[in-house]
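Peer 1: After the structure tokens below, expect a handful of questions from me.
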There are 2 protein chains.
Amino acid sequence: MTHLALQENNPDINDQLQLLVADGMSQVDRLIDEYLKSDIPLIEQIAKHIIYSGGKRLRPSLVVLASLTYGDVSAATVALAAAVEFIHTATLLHDDVIDESDMRRGKNSAHKIWGNTAAILVGDYLFARAFELMVKTGNLHVLDILSKTSAIITAGEVRQLVESHSLDLTVESCLEIMGAKTSALFGAACQAGSLVAGASIEQAQSMYTYGYNLGLIFQISDDILDYCSQDTSRGKVPGDDFREGKITLPLVYAYRDASDDDRELIHRTFVESDQCAGDFEAVRTMINRNQGFETSRQLAENLIVLAKQEIRLVDRNKDLLVGLLDECLNRYK
Amino acid sequence: MTHLALQENNPDINDQLQLLVADGMSQVDRLIDEYLKSDIPLIEQIAKHIIYSGGKRLRPSLVVLASLTYGDVSAATVALAAAVEFIHTATLLHDDVIDESDMRRGKNSAHKIWGNTAAILVGDYLFARAFELMVKTGNLHVLDILSKTSAIITAGEVRQLVESHSLDLTVESCLEIMGAKTSALFGAACQAGSLVAGASIEQAQSMYTYGYNLGLIFQISDDILDYCSQDTSRGKVPGDDFREGKITLPLVYAYRDASDDDRELIHRTFVESDQCAGDFEAVRTMINRNQGFETSRQLAENLIVLAKQEIRLVDRNKDLLVGLLDECLNRYK
């Protein structure tokens, strides 16, 4: 399995990371396998379909990386990393039902193959198994972090449901939703991973902020890629957000400075869901003209500065942690 | 709010129980209120709709009762009871999406009013909040019990999805599914409630078995009521299981001894989903003729004997615990 092969921009950083977390991640993979075993074939089948669908295992790798930054990979690290991957996978399963996505990572999505019911239930199952895994860490602080994070993720999903089809969405709200949906789990992975390896509360808090910013950068890059990617090997078809009428950061920035004609285009395609051939390209051009991609990228670069600041006192793996920030941003180049 | 008003068969037992758990349950209600507060109005709205829809609060009452049987109601008892109610409510929300039920306790179901997406997400949210509440107990054993129980419940749902429309369903499988879907949470409520109040591992294990059997009796009674209830005040319309083609215990028993003609009726209405006017009454008569209700009731009576055996060494509240078993069975009289 290829871990952390974000893209091939900077093979050095990817290689270094993969090498560093390889031992820990092979333990994580074994534990995931063990916890996917079920007397009920359908559960195992659906869970494996999504867990082994070529995801990058970025979140559990962050747990391992955080543990290695402050100590060793222990049984608690491994359990926590598997739990974080299960939480992420559970949200993917439910997301696909909610977005009615037919594809996930280039394969048919679980709800498309097995129906909504099975996808909802196996998501619930993975979520429960994640908590079982977390109990194995024997660390109540970690359990507190991850249960709060799970609530934050879901609350973010609800907010997105309510707000992300409205052109009243502000940059601030947009960042809060991204923060809840994506960054909170990145942050928690880094925070909890360092805590179980012996980091102090303050050190772990800095790792949370590092991870949170990394998550935001990751998501901003994803939102730009959804308009600008030329690469279909990721299994994601460009234009998903557009077709779903999901208002993301580049559009929010563009709308702010848009002309009346541009606003009308946005209103028709996003609010009225009236989309025809050529509209996607027109919207992309319009976002570009109004600096939507550039301003988003600029924000991500500022977040890199903040994240670097958080890890300035880290002794180990600093170059890797910094490299990962740049890697996340530049994968859309 | 009326707690534990199962039915009016035995007002003494209900009154005694309500009186005993009243103080604890008012603390539980306050904590539930606190944990339902959200910055996102939709979450609070949906969660309150289902939490305050007239449910009997039976599961959290069992937590309080178990704590009072082995000690006092502590902050851990209250957090645990609220968590158990949240887990139950989360499964109800997802069940309604899965069963496409339009009604729940006599009101429109959440997914009918707000859509599947919101119901799925608020279910996830309540589940995450349940774990936050459990972390508050500071008791890893309790967290282990409840996280395992959550996985068991969901696995039971998946099994029901796969097996409960097949006439190959055996009595054993049927009981296992009921055990997972309903009884496990009853058992865990009793076990964890007694543990946090100082019961020994063995005492808590006996309370688990008591609760598990109580849950089975509750579900058997529910399955009989779904054919035989004359009472529409429960908000449940008789015939739900029949209309959904869900094969429950009375039918499994009846099918075992049914004539070819009876089997043909079952096959047409359940497997082929070909149901016409009068079929529900015909199936009820057929189940009755083949002793399906009587054999189910007999099983429940045997379970009462087993459950009584488990609590023979309990010092406090024994009459109440015993009375509750009879009450659960006899509510369909």
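Peer 1: If eta is 1.306 mPa s and T is 10 °C, what Stokes-Einstein diffusion coefficient results for chain B, Kirkwood Rh from Cα pairs, in µm²/s?
Peer 2: Here the translational diffusion coefficient equals 78 µm²/s.
Peer 1: Okay, next question. For the stretch B:188-266 and the stretch B:18-93, what is the separation of their C-alpha centers, rounded to whole Å?
Peer 2: Going from one Cα centre to the other spans 22 Å.
Peer 1: Can you give the Kirkwood hydrodynamic radius of the protein assembly as shown from its Cα pairs, in Å with one decimal?
Peer 2: Result for the protein assembly as shown stands at 26.5 Å.
Peer 1: OK, next. Of A:148/B:181; A:148/B:136; A:37/B:148; A:148/A:181; A:136/A:318, which sit over 23 Å apart, Cα to Cα?
Peer 2: Result: A:148/B:181; A:136/A:318 exceed 23 Å.
Peer 1: So how far apart, in nm, are the two label points at residue A:162 and residue B:108 if each is 7 Å from Cα heading toward Cβ?
Peer 2: In this crude spin-label approximation the distance works out to 1.9 nm.
Peer 1: Could you work out, residue by residue across B:129-137, how many beta carbons of other chains sit within 10 Å of that residue's beta carbon, and then give the average as an integer?
Peer 2: Average per residue, whole number: 6.
Peer 1: When you look at the Cβ of every residue in B:139-147, what mean number of other chain Cβ atoms sits within 10 Å?
Peer 2: What the average comes to for B:139-147 is 4.
Peer 1: Under the definition of Cα pairs under 8 Å and six or more residues apart, what whole-number percent is the relative contact order of chain A?
Peer 2: 19
Peer 1: Once the convex hull of the C-alpha atoms of the stretch A:262-331 is built, how many Å³ does it hold per residue, rounded to a whole number?
Peer 2: In the stretch A:262-331, the Cα hull volume divided by residue count equals 106 Å³.
Peer 1: What are the nm distances, shortest first, from residue B:138 to its equivalents in the other copies, labels at 7 Å along Cα→Cβ?
Peer 2: 1.9
Peer 1: Using only DSSP helix segments of four residues or longer, with each worth -39500 (n - 2.57), what per-residue ellipticity at 222 nm results for chain A after dividing by its residue count and rounding to 500?
Peer 2: -23000 deg cm²/dmol
Peer 1: At residue B:259 and residue A:285, where each label point lies 7 Å from the Cα along Cα→Cβ, what is the point-to-point distance in nanometres?
Peer 2: Result: 7.8 nm between the two label points.
Peer 1: Under a GNM of chain B (C-alpha, springs under 10 Å), which listed residue has the highest mean-square fluctuation: B:140, B:249, B:68?
Peer 2: For chain B, modelled as a Gaussian network with Cα springs under 10 Å, the answer is B:140.
Peer 1: Further question on the same structure: Taking 7 Å along the Cα-to-C-beta vector as the label spot, tell me the residue B:200-residue B:26 distance in nanometres, rounded to one decimal.
Peer 2: Once both label points are built, they end up 3.6 nm from each other.
Peer 1: List the relative contact order of the stretch A:124-205 as a percent without decimals, with contacts defined as Cα pairs under 8 Å and 6+ residues apart.
Peer 2: In percent, rounded to a whole number, it is 31.
Taken together, the values in this text are just the output of simple stated rules run on the coordinates, not laboratory data. Fair warning: this is a prediction, and the values are worked out from it, not measured in the lab. As a convention, Cβ positions derive from the backbone with ideal geometry for all residues, glycine included, and neighbour counts pool all protein chains shown.
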